[in-house]
Amino acid sequence: MTVSIDWENLGFEYRQLPFRYISVYKDGAWDDGKLSEDAILHLSEASPALHYGQQAFEGLKAYRTKDGSVQLFRPDENAKRLQRTADRMLMPQVPTEKFVEACKAVVKANEEFVPPYGTGGTLYLRPLLIGVGDIIGVKPAEEYIFTIFAMPVGNYFKGGLAPTNFLIQGDFDRAAPHGTGAAKVGGNYAASLLPGKVAKSQGFSDVIYLDPATHTKIEEVGSANFFGITKDNEFITPLSLSILPSITKYSLLYLAEHRLGLKPVEGDVYITELDKFVEAGACGTAAVISPIGGVQYQDKLHIFYSETEVGPITRRLYDELTGIQFGDIEAPEGWIVKVD
Ligand SMILES: *Cc1c(COP(=O)(O)O)cnc(C)c1O
């Protein structure tokens, strides 16, 4: 089969590919799992995932390298995060090996949809863990479905490496101080749809949320973590129990220190102290690194580096990270998993 896709102009949209992985948890154990050609999930109308949000998801990418091979970036970290989310939602853990092997199987089965090297496109994997079965009371499911589907994607935010503006939101939170903000669950996103719509209707890329307890500190973008670079070459990201711990963010903290010689800091980012940043960005698997041009807070637009140009340190971080992901730059030990 030859695939005709405009690889250079992929956005972030669902596209049904031939194969997905599916495994079922029943009677206290996972089955072996299999590839399936059925893109429709079959589940009880009483499933806890549908009524009470007992579910979790992940997101990671497969990258085509210059020599034509395909590789994953830190999939074991996604497996571990899904395990932590599963613990929080009283769901069974998917073992790391099962998770990583399933990712590889889905990529291999859909290999012709991994965008060519040099187009900027990647194959996005979406693992999903949901509580299913005939349970209508408020309690955890006894049966679960773990599935992974894939789709070729390009840029998540329209600008790519061009800066865009974000709206700092003080009226809505995406998560509660001791709620599920650190778990990758759909409920946090459900809470973010309305503020996200308001921000987009005003021309912003997305919302930046404040810490839900005091509304004085930047937490994160609705679907990506925040970072800023100070005049003194510090790479600062917020630290909070209600932020989703981004694997991209922790990778950048490492690369900032070991490859760029910056000082990595996880700490408070007060909205009254934005002047100390000379550059800022949003980071995540889907967003990669999206430079933040400016942030609107109440009636003031604060510009970091420029509304039209990416700052030099942000660009170096982007080049280092994507160079590693696409196999052009040597990766720190254990970061790359080949799909053979
Ligand atoms: C998935 C996600 C991120 C990014 O995490 P990565 O591991 O870097 O992809 C950031 N914020 C939220 C709310 C997320 O769900």
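FYI, it's all coordinate maths here, none of it is from the lab. Everything numeric here is computed off the predicted structure, so don't read it as measured data. Every residue, glycine as well, gets a Cβ built from its backbone with ideal geometry; the counts of neighbours run over all protein chains shown.
Taking the inverse of the average 1/r across all pairs of different Cα atoms in the chain, what Kirkwood radius in Å do you get?
Kirkwood hydrodynamic radius for the chain: 20.7 Å.
Net charge within 14 Å of Leu260 by Cβ-Cβ distance, Lys/Arg positive one each and Asp/Glu negative one each, not counting Leu260 itself?
Around Leu260, the surrounding residues sum to -2.
With a cap of 14 neighbouring Cβ atoms within 10 Å, and only residues DSSP puts in a loop, list the GluC sites (Glu not before Pro) found in the stretch 35-95.
In loop regions of the stretch 35-95 (DSSP not H, G, I, E or B), the sparsely surrounded GluC sites (Glu not before Pro) are Glu37, Glu45.
Starting from the Cα-Cα distance between Glu37 and Lys300, subtract it from 0.36 nm times their residue separation and give me the gain in nm to one decimal.
The Glu37-Lys300 span can extend by a further 89.6 nm.
Taking θ = phi - 60°, what integer Hz values does the Karplus form 6.51 cos²θ - 1.76 cosθ + 1.60 yield along the stretch 229-241, in sequence order, with x for Gly and Pro?
10, 8, 4, 8, 6, 9, 9, 10, 10, x, 10, 6, 6
Report the gain in length on full extension from Glu112 to Arg88: 0.36 nm times residue separation, minus Cα-Cα distance, nm rounded to one decimal.
Value of the extension gain: 5.0 nm.
Go ahead and run the numbers for FRET between Tyr270 and Asp27, Cβ-Cβ distance against an R0 of 41 Å, rounding to 0.05.
Taking R0 as 41 Å, the efficiency between Tyr270 and Asp27 is 0.20.
Going from the alpha-carbon gyration tensor of the stretch 164-325, what semi-axes, largest first and in whole Å, does one get by taking the root of 5 times each eigenvalue?
23, 18, 15
Starting at the first residue of the stretch 49-54, write each ³J(HN,Hα) from the Karplus equation 6.51 cos²θ - 1.76 cosθ + 1.60 with θ = phi - 60°, in whole Hz, x for Gly and Pro.
With the stated coefficients, the stretch 49-54 comes to 4, 6, 8, 10, x, 7 Hz.
Could you pull out every residue, at least 5 positions away or on a different chain, whose amide H is within less than 5 Å of the one on Ala280? Hs are placed 1.01 Å off N in the peptide plane, and Pro or chain starts have none.
Excluding prolines and chain starts, which carry no amide H, the hits are Ile229, Ile292, Tyr305.
Which one of Leu161, Leu72, Leu301 has the biggest mean-square fluctuation once the chain is modelled by GNM with Cα springs under 10 Å?
With Cα springs under 10 Å in the chain, the top fluctuation among Leu161, Leu72, Leu301 is at Leu301.
Place a point 7 Å from Cα of Thr119 in the direction of its Cβ. Which residues in the stretch 61-105 have their backbone N less than 16 Å from it?
Output list for this probe position: 62-71.
Let me have the relative contact order for the stretch 188-340, percent, based on Cα pairs under 8 Å that are six or more residues apart.
Reported relative contact order: 17 percent.
With a point put 7 Å past each Cα toward its Cβ, work out how far Ala190 is from Asp319 in nm, to one decimal.
So the label points at Ala190 and Asp319 sit 4.5 nm apart.
For Lys217, which sequence-distant residues (separation of 5 or more, or a different chain) have an amide H within less than 5 Å of its own amide H, given hydrogens modelled in the peptide plane?
Amide H to amide H, under 5 Å and 5 or more residues apart or across chains, Lys217 pairs with Asp211, Ile271.
Just want the ordering: Ser47, Ser306, from fewest to most Cβ atoms lying within 10 Å of their own Cβ.
Sorted ascending by nearby Cβ count, the order is Ser306, Ser47.
Normalised by the residues of the chain, what does the relative contact order come to in percent, with Cα pairs under 8 Å and at least six apart?
Rounded, it is 19 percent for the chain.
Give me the distance in nm between label points sitting 7 Å out from Cα along the Cα-to-Cβ direction at Asp67 and Glu234, one decimal.
Going by the 7 Å Cα→Cβ label model, 4.2 nm.
Pick out, in residue order, every one of the trypsin sites (Lys or Arg not before Pro) in the stretch 261-340 that is DSSP loop and has at most 11 other C-beta atoms within 10 Å; say none if there are none.
Qualifying residues, ordered by number: none.
How large is ³J(HN,Hα), in whole Hz, for each residue of the stretch 142-152 in order, when computed from phi with the Karplus curve 6.51 cos²θ - 1.76 cosθ + 1.60 and θ = phi - 60°, using x for Gly and Pro?
For the stretch 142-152, the Karplus curve yields 9, 10, 9, 10, 10, 9, 9, 10, 9, 7, x Hz.
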